[in-house]
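The structure under discussion appears below in the form of structure tokens.
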Amino acid sequence: MVANFKWKVIIVVVVIASCLWLMYPPQERINLGLDLQGGMHLVLKVDIDKLPADAQNGAVRRALEIIRNRVDQFGVAEPSIQLKGKNRIIVELPGIEDRERAVDLIGKTALLEFNVVASSQKTDMALNALDKKTKILSKVEVKEEQTREGAAFKSVIFDEKNKETIREIISDPENTKVFPEGYQFLISRQMDIKGEKFRQLYLLKVKPEITGESLITANWDRDQFKKYHVSLDFDAKGRKKIRQLTGQAAKKYQENKTVSRLAIILDGVVYSAPLMKVEVDTNPIIEGNFTKDEVEDLSLVLRAGSLPAPIIIEQENTIGPTLGQDSIKKGVTAAVFGCLLVLVFMAVYYLVAGLIANFALCLNIIIIMGALSFRDATLTLPGIAGIILTIGMAVDANVLIFERIREELKLGKSLRPAIQAGYHKVFSTILDANLTTLLTAFILYQIGTGPIKGFGLTLMIGITASMFTALVVTRLVFDFLTIKTRILKKLPMLEILKESKFDIIGKRNIAYGLSLLVIIGGLIVFAQRGAENFGIDFTGGTIQQIQFTKAPDVNQVRNALKSVNLEKATIQTFGKDNNIIIRTEGQESSKITQAIKDNFKDNQAKTVRVEEIGPTIGKELRYKALMAIGLALVVICIYITFRFEFKFGVCAIIALLHDVIVTLGIYSISGREISLPIIAAILTIIGYSLNDTIVVFDRIREDIHLMHKASFKDIVNKSINQTLSRTIITSLTTLLVVLSLYLFGGSVINDFAFVLLIGVVVGTYSSIFVAAPILVEWHKK
């Protein structure tokens, strides 16, 4: 016994010491997720389908390297850029404050082209032909201009608010048929002169004269008037072509004042279209009313090279640094308060045993943090929720042990044999209950992405740690107090239910009726809400949270969105009066940002959160969510069948389906939306509810061997009553931490906590009034 005790002490000390060493100092060793520190998570699709078959090979890897070069030059600390699947790239940028700039920098293809601008006469003819079909001349202004030498040329300008309308007109395949052959219309970048925002429309040759293939490097500079520009350094072939083009144009200009212009185009947007009046023998420059950030980014993407294929942003999750810090503060507050509630309850109810359990719970947290540091894992907000939930569930193992020790003491055993028997008899129960939850956590980790993956990992580590502390550490402390020092002679505990004898099975029809009523009510509301039940994770679209300096007029926000054709957007105030959330069906974040910026100049606004999901990603997430729930139920059924019997497995699955349907029904009645974190919460509920059910089933299995003459109904009733005290205490402690999460965890995780709150209550109810009674019905028939 002494040798065994020493080895246990050594193992526990080594584990705890290693975890403390791994996690110290915590501010350096614990990686915070983007939802806690602020940052951007992007899922990019490289659209290789638009490339010729011979060019597709290696295109995604080239795109990855180009994006990595851009991000490195942008100066983001500790970015994560990695391939996912066949043609996707995951980009994570911690601490990003200017999301619009980052998105523009990463998503820009950087296809540089120099195209000749059509003559004024050809442009007039094209516009007139287009006007007969679209009335485009009512939306643009044709301005007559002159060079210093008196040569005339025309510019076509239009107001920024007409940009999308003009774009739709010139890109319509039916309208392009009236363009002169070999020509196309393109729109310029936005220009701002004395506060007036406008763009220009150019008719250009489709075939470029020069492309970015000749570009060696690009650098920004300022001229004598302190205006920013980008200098382009071409190879010999490029410089020769520019000299030829400008030389021919200059000759025409000198002979008959014919104006020729060369448009500099980046990703289909005209950046400038300088006049070619003289032969240029030096490298060209790109001019415009650039800010310093704009000119830096433009030169950066040109230096990094053009992407081999267009980039589509399929998913974006951006959390501003302020919101991230707020999440940390509220998450930690919820964790600390929840832990304190559990520690106080355990100390008051179980006295000395409760203090031992509290010691184990503290070690549990140390092990979790040490394991996260060892794996170099990232702690996310759902991860904090996982730790809080683990604390609540870790209590269950201790409660099972203490309640079993209490039973052994009531049978007349002395303390040491009672402790020994208590640990021995609950071992299989704890193992089964925790393994099933571990299986659901593993499924979350394998199928989930981002924060959900982090939640799954934290839950797996937490469950493993709780089993170690409950079965090894607390037993070690008891051995020290009862065998090594013999300090502990008695183990007094409070008791809520002395010896309950409720006829649960006899009242099962009432429970069935109650469950049926809630299920039908929930399904009716769910059906009525239809697509409104689902968040953008599953439907696709954009949710953007914007924080204003002062509370904005919602009607003004709506009018601003109308100016960019987003009149169908949903607008709601959020949290404080100066925060609003805008939701659209498509990926419209850039439009929203521009509309707010243009219409709220006197009320400064900043984007603090963006969630943007493309239709493809939304469809995949729906499939993964259903697969995760289905897979969890199948695995659980197989495990319970293996450990118990097939009928036990089926009854457990029926109870779990009951819990999922009831929880979703109540959640739908509350008017909330189902998102990916909610699916994680549902899977957690499945694990938690199963934990309760297995405890009851395990006692039924034990009592069947002990109560040979009793009917199956009496055995089940007896087993439920025997475990009722444990069920109430475990549910209460779990509810304490989940309620703390709900009340103090902040708005970002409120829906997640709400589902857990419902699930804990429903899961406890079903283990008593659904799973076990259905088992009796099965046995009767």
- line: Taking Cα atoms, the helix 646-669 axis meets the longest principal axis of the chain at an angle in degrees (rounded to 10) of 50
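If the only charges are +1 at each Lys and Arg Cβ and -1 at each Asp and Glu Cβ, what is the size of the charge dipole of the range 404-496 around the Cα centre, to the nearest 20 debye?
About 480 debye.
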message: Calculate the FRET efficiency for Gln27 and Glu97 from the Cβ-Cβ distance with a Förster distance of 30 Å, rounded to the nearest 0.05.
response: 0.90
Solvent-accessible area per residue, Å², over the chain with all protein chains present [probe radius 1.4 Å]: 46
- request: For the range 196-304, build the charge dipole from Cβ charges (+1 Lys, Arg; -1 Asp, Glu) around the Cα centre, then report which of Thr246, His229, Tyr271 sits farthest towards its positive end.
  value: Thr246
Per-residue ³J(HN,Hα) for the range 624-630, Karplus 6.51 cos²θ - 1.76 cosθ + 1.60, θ = phi - 60°, Hz, x for Gly and Pro: 5, 5, 5, 5, 5, 5, x
query: Among Ile504, Leu481, Val525, whose Cα lies farthest out toward the positive end of the dipole of the range 434-530, if unit charges sit on the beta carbon of Lys, Arg (+1) and Asp, Glu (-1)?
result: Leu481
³J(HN,Hα) computed for each position of the range 499-511 - Karplus, 6.51 cos²θ - 1.76 cosθ + 1.60, integer Hz, glycine/proline x: 9, 6, 9, 6, 8, 5, 5, x, 9, 5, 5, 5, 5
message: Using helices alone, I'd like the mean residue ellipticity at 222 nm for the chain: each DSSP H run of four-plus residues gives -39500 (n - 2.57), total over residue count, nearest 500.
response: -19000 deg cm²/dmol
field: Counted charge near Lys413, where neighbours are those whose Cβ lies closer than 15 Å (Asp, Glu -1; Lys, Arg +1)
entry: +4
message: Quick check on packing: order 295-303, 185-193, 167-175 by the mean number of other C-beta atoms within 10 Å, highest mean leading.
response: 295-303, 185-193, 167-175
- prompt: What part of the accessible area of the chain, given as a whole %, is carbon or sulfur when the probe is 1.4 angstrom?
  reply: 58
task: Match the structure shown to one of the listed values (i) 57; (ii) 67; (iii) 54 of percent of Cα pairs over 35 Å apart, computed from it, and give that label.
output: (i)
- prompt: Of all the C-alpha pairs in the range 85-182, what % are more than 22 Å from each other?
  reply: 54
- line: Neighbours of Thr380 by Cβ distance under 13 Å: Lys/Arg at +1, Asp/Glu at -1, summed charge -1
- prompt: Taking only C-alpha pairs under 8 Å that are 6+ residues apart, what is the relative contact order of the chain in percent?
  reply: 15
query: Angle between the Cα long axis of helix 381-410 and the longest principal axis of the chain, 0 to 90 degrees, nearest 10?
result: 0
field: Assigned charges on the beta-carbon of Lys, Arg, Asp, Glu; the range 270-321 dipole about Cα centre (debye)
entry: 100
task: Any chance you could give the angle, 0 to 90 degrees and rounded to 10, that helix 712-744 forms with the longest Cα principal axis of the chain?
output: 40
- prompt: Over the range 139-259, what relative contact order in percent results from Cα pairs under 8 Å that are six or more residues apart?
  reply: 18
statement: Of 470-477, 273-280, 433-440, ordering from highest average Cβ density within 10 Å down gives 433-440, 470-477, 273-280
task: Using a 10 Å cut-off on Cβ atoms, rank the peptides 113-122, 51-60, 247-256 from the highest mean neighbour count down.
output: 113-122, 247-256, 51-60
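For every other residue with a beta carbon closer than 14 angstrom to the beta carbon of Ser231, add +1 if it is Lys or Arg and -1 if Asp or Glu, then tell me the sum.
Numbers: positive: Arg222, Lys227, Arg239, Arg303; negative: Asp221, Asp223, Asp233, Glu287, Glu296.
Its environment carries a net charge of -1.
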field: Rounded to 5, the percent of DSSP beta bridges in the chain classed as antiparallel
entry: 95
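The values are calculated or read from the model by the stated rules, or taken from the named source; none is laboratory data. Just so you know, these numbers come straight off a predicted model, no measurement behind them. We place every Cβ from the backbone using ideal geometry, glycine too, and count neighbours over all the protein chains shown. Protein only, heavy atoms only, side chains kept; ligands, DNA and RNA dropped before computing areas. Shrake-Rupley method; radii C 1.70, N 1.55, O 1.52, S 1.80 Å.
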